[in-house]
Amino acid sequence: MTTGKGSGRDTIGPVSTSSTVERAFRAALYDPSDAALDAGASLLAADPAADVELARRGEEFVAAAWRRGWQPADVVRIVRRELDDTRVRLVS
C-alpha cells in the first residue's frame, strides 16, 4: 500500500493500464462464461486509459499474423465467421 498524499491514510495506488488489460483479457478469453466476458468488458470500460494499450496490442497481434503469412482476407474471414457485421466492417 502507498500513502495517499496529504490524506494521512493508506490508499491503494492506481492499477496500471497494462494490468487492467491483462485482467480483462484473462477474464474474457480463458473463461467460457458470459459473466467472464462481461467482467472483462467492465474492467476495460472502467479504465479509459486502457484504449491506448488495447490499440497497441491490436497492432501487435495483426503484425504478428502478417509475419506468420496471414493475409488481410484471412483476418476478415475469421472475423466474419466469429463476430458480427459491425466488427467485419471494422476490419474490412
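The values are calculated or read from the model by the stated rules, or taken from the named source; none is laboratory data. Quick caveat: nothing in here was measured; it's all calculated off a predicted structure. So basically every Cβ, Gly included, is an ideal-geometry build from the backbone, and we count neighbours across all protein chains shown.
As an exercise: evaluate Asp47 against (1) touching a residue at least 24 places away in the same chain (Cβ under 8 Å); (2) part of a helix (DSSP H, G or I); (3) of a type outside the set (A, V, I, L, M) and give the number of the one condition it does not meet.
Only one criterion is unmet by Asp47, namely (2).
Identify all residues within the stretch 41-92 that are of a type in the set (Gly, Ala, Ser) and touching a Ser or Thr at 6+ places or on another chain (Cβ under 7 Å); write none if there are none.
Ala49, Ala50, listed by residue number.
Only one of Phe61, Phe25 is loosely packed, with under 14 Cβ neighbours inside 10 Å, in a helix (DSSP H, G or I) and either at pLDDT below 85 or of a type in the set (Phe, Trp, Tyr) (or both). Can you tell me which?
Exactly one residue qualifies, and that residue is Phe61.
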